[in-house]
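The values are calculated or read from the model by the stated rules, or taken from the named source; none is laboratory data. Note that the structure is a prediction, hence the values are computed from the model and not measured. Positions of Cβ are generated from backbone atoms using ideal geometry, with glycine treated the same way; all protein chains shown enter the neighbour counts. In case anyone asks, the SASA skips ligands and DNA or RNA and just uses the protein heavy atoms, side chains included. Shrake-Rupley method; radii C 1.70, N 1.55, O 1.52, S 1.80 Å.
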Amino acid sequence: KTKGRETENKFVEWLHLFGIKAAERRRLNGILDKGDIAGWTSVDQERTVCVEVKSGAQLSIPQWIRELYAEMRNSKADTGFVAVRPKGKPSVEDWFAVLPMPVLMKLMIEAGYVKEKFEEEATSRMSR
């Protein structure tokens with residue numbers, strides 16, 4: 001638990017460097033877990049991000065993705081990812097993000113990397 005708390009705190013501090021000042025560790029919510037980080041919204045405050053933070057001594061990606069989807073539902077987040085701290089890598093710049101392909105493609109659509117005419121069909125398939 002101490003390692004997890006330390007990892008979450010490091011990630012929050014890193015987000016603060018990017019101006020995401022409202023980001024903070026979320027307290028445990030029992031069965032309705034909403035992710036590890038609270039307070040990360042889009043610049044216009046209309047969308048939210050769900051983050052599950054893991055110290056990845058052992059990779060359990062399928063389990064982490066299941067947890068992420070549940071937490072995104074519970075928190076009503078628009079997007080999300082798993083932030084993974086590899087063993088022996090205390091600097092957040094050395095960590096990596098894991099996210100489901102539908103979440104990645106939704107972000108790519110929103111960022112303008114997918115032609116607009118495909119957006120509606122792709123979005124409807126992702127919401128299934």
Those residues of segment 1-21 which are part of a loop (DSSP other than H, G, I, E, B) and either touching a helix residue (DSSP H, G or I) at 6+ places or on another chain (Cβ under 9 Å) or touching a residue at least 40 places away in the same chain (Cβ under 8 Å) (or both), in sequence order:
Ile20, Lys21
Qualifying residue in segment 24-31 (condition: in a helix (DSSP H, G or I), without any contact (Cβ under 8 Å) to a residue 24 or more places away in the chain and at positive phi):
yes
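Residue-by-condition table, conditions (1) among the hydrophobic types (A, V, I, L, M, F, W, C); (2) surrounded by 15 or more Cβ atoms within 10 Å (Cβ to Cβ); (3) modelled with pLDDT of 90 or more; (4) under 19 Å from the mean Cα position of the chain (by Cα):
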| site | (1), (2), (3), (4) |
| --- | --- |
| Val92 | yes, yes, yes, yes |
| Val98 | yes, yes, yes, yes |
| Ala111 | yes, no, yes, yes |
| Lys115 | no, no, no, no |
| Glu121 | no, no, no, no |
Residue check: is Lys106 open to solvent by 60 Å² or more (accessible area, probe 1.4 Å), over 20 Å from Thr41 (Cβ atoms) and either assigned to a loop (DSSP other than H, G, I, E, B) or not acidic (Asp, Glu) (or both)?
no
Flagged in segment 32-52 as free of Cβ contacts under 8 Å to residues at least 12 places away in the same chain and either part of a helix (DSSP H, G or I) or not polar (S, T, N, Q) (or both), in numbering order, are Val43, Asp44, Glu46
From Leu32, Leu17, Leu28, Leu68, residue being modelled with pLDDT of 95 or more and more than 17 Å from Pro100 (Cβ to Cβ)
Leu17
Which is among the charged types (D, E, K, R), surrounded by 17 or more Cβ atoms within 10 Å (Cβ to Cβ) and closer than 22 Å to Glu93 by Cα, of Glu13, Glu8?
Glu8
Single unsatisfied condition, Phe81 versus (1) open to solvent by 70 Å² or more (accessible area, probe 1.4 Å); (2) modelled with pLDDT of 95 or more:
(1)
